[in-house]
Amino acid sequence: MMRLEGKTALVTGAGSGIGLAVATRFAAEGARVVIADRDADAAAAAATLIGEAARAAVMDISDEQAVESAFAGLAAERWAPDVVVANAGVQLFGQDAPAADLDLDVWKRTLDINLTGTFLTVKHAVRSMLATGGGSIILTGSPTGINGEGRDFTAYSTTKAGIHGLARTAAAAYADRGIRVNTVVPAYTETTLVSTITSDPESRAAIIGRIPLGRAGAPRDVEGIMVFLASDDAEFATGSLFAVDGGMTAL
């Protein structure tokens, strides 16, 4: 049985990595999927890969006009989403740093995309869902927003903590309107976002050494919990963090 049959989902940052894996799985579970990415070529390629159930949407989540226009266009074309996965983000390796060494521009650029961009996605997802009777919003968090894993990544870790707080407040604000908001917390997941770590055997081994299950995460590890939260099986789940981190945040 396809658990998302009849639903329409929008996934940001779906041109690659976790976003692409989730969008592909959503389509396999019966959903129509909007591949939202600021890279038009990546979005188009991902939509082509998934097939007829997918369409591409160019969306820079840090630009409110772009986000608002994307949701308005989907509504006009009867593609208003029942599920929104706010997954897009950046981690500025080689630039993010402990607080005393962090350049203000790096701080601002990270917040603009990760936290402000996620807020704008949530804002316009909620507005869309209020008009259609509700839905499920899923944010992508990180262990760095929970514990000290990201001590050398002040900006990134702060944005992820903010995302966790945003999910809780939005969940509380809109629960009575049929909108659920949850956060999925993956561990270190090997995608192009973390290629700096993946290509450094010493750094990679150090991170994996802090994961009780003893391996790095892969995009496929995140798909299942995303499907659950998008589906009607999760109708009583809101305002929660769902860790898919190999036990990292249990330590």
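Taken together, the values in this text are just the output of simple stated rules run on the coordinates, not laboratory data. All values derive from a computational prediction rather than experimental measurement. Here the Cβ positions follow ideal geometry from the backbone for every residue, glycine too, while neighbour counts run over all protein chains shown.
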*What residues qualify as long-range amide H neighbours of ALA56, i.e. H under 5 Å apart, gap of 5 or more or another chain, H built at 1.01 Å from N?*
ILE35
*Taking the Cα centre of the stretch 147-251 as the origin and placing charges on Cβ (Lys, Arg +1; Asp, Glu -1), which of ALA206, ALA234, PHE153 is farthest toward the positive end of the dipole?*
PHE153
*Please work out, to two decimal places, the log10 of the ratio I(q)/I(0) at q = 0.09, 0.14, 0.16 Å⁻¹ from a Debye calculation in which every Cα of the chain carries one identical scatterer.*
-0.35, -0.89, -1.17
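List the longest stretch of the chain that has no exposed loop site; here a site is one of the GluC sites (Glu not before Pro) assigned by DSSP to anything other than H, G, I, E or B, with at most 12 other Cβ within 10 Å.
Answer - 78-234.
Taking the Cα centre as origin and putting +1 on Lys and Arg beta-carbons and -1 on Asp and Glu beta-carbons, what dipole magnitude results for the stretch 1-97, to the nearest 20 debye?
Working: 7 positive and 13 negative charges, 82 e Å.
Charge dipole, the stretch 1-97, about its Cα centre: 400 debye, nearest 20.
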_Tensor-based shape of the stretch 34-79 (alpha-carbon gyration tensor, a/c under 1.5 rounded, otherwise prolate or oblate)_ = oblate
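Using a simple charge model, +1 on the beta-carbon of Lys and Arg, -1 on the beta-carbon of Asp and Glu, nothing else, what dipole does the stretch 171-210 show about its Cα centre, in debye to the nearest 20?
On the way: 4 positive and 4 negative charges, 43 e Å.
Result for the stretch 171-210 is approximately 200 debye, rounded to the nearest 20.
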*asked:* Using Cα springs under 10 Å in a Gaussian network model of the chain, which residue among ALA100, ALA171, ALA28 shows the largest mean-square fluctuation?
replied: ALA100
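So for the stretch 147-251, averaging the separation of alpha carbon pairs under 8 Å that are six or more residues apart and normalising by length, what relative contact order in percent results? Write out the running numbers ahead of the final one.
On the way: 112 pairs, mean separation 38.8, N = 105.
Relative contact order here is 37 percent.
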*For the chain, what does -39500 (n - 2.57) per DSSP helix run (n ≥ 4), summed and divided by total residues, give at 222 nm, in deg cm²/dmol to the nearest 500?*
-12500 deg cm²/dmol
*Calculate the dipole size of the chain relative to its Cα centre from +1 charges on Lys and Arg beta carbons and -1 charges on Asp and Glu beta carbons; express the result in debye to the nearest 20.*
480 debye
*For the stretch 1-31 and the stretch 206-238, write down the distance between their C-alpha centroids in whole Å.*
15 Å
*asked:* Could you compute the net charge surrounding VAL227? Neighbours are other residues with a C-beta less than 15 Å from the C-beta of VAL227; K and R count +1, D and E count -1.
replied: -2
*Given labels modelled 7 Å from the Cα in the Cβ direction, how far is it in nm from ARG78 to ALA205?*
5.8 nm
*asked:* Counting other C-beta atoms within 10 Å, and keeping those with at most 14, which DSSP coil trypsin sites (Lys or Arg not before Pro) do you find in the stretch 100-166?
replied: ARG151
*With θ set to phi - 60°, apply the Karplus curve 6.51 cos²θ - 1.76 cosθ + 1.60 along the stretch 55-67 and write out the HN-Hα couplings as whole Hz, x wherever there is a Gly or Pro.*
9, 9, 9, 7, 8, 8, 5, 7, 10, 4, 4, 5, 5
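Taking the stretch 7-94, which trypsin sites (Lys or Arg not before Pro) meet the DSSP loop condition and have no more than 13 other C-beta atoms within 10 Å? Please list the in-between numbers first.
Details: sites: LYS7, ARG25, ARG32, ARG38, ARG55, ARG78; in loops: LYS7, ARG38, ARG78.
Here the sparse-neighbourhood loop sites are ARG78.
Please find the FRET efficiency linking ASP232 to PHE93, where r is the Cβ-Cβ separation and R0 is fixed at 35 Å, and quote it to the nearest 0.05.
Numbers: r = 39 Å, r/R0 = 1.11.
Result of the calculation: an efficiency of 0.35.
Work through the residues other than VAL90 whose Cβ is under 14 Å from its Cβ and net out their charges, Lys, Arg +1 and Asp, Glu -1.
So the environment of VAL90 carries a net charge of -2.
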*Between 0 and 90°, nearest 10: helix 117-132 axis offset from the chain longest Cα axis*: 20 degrees
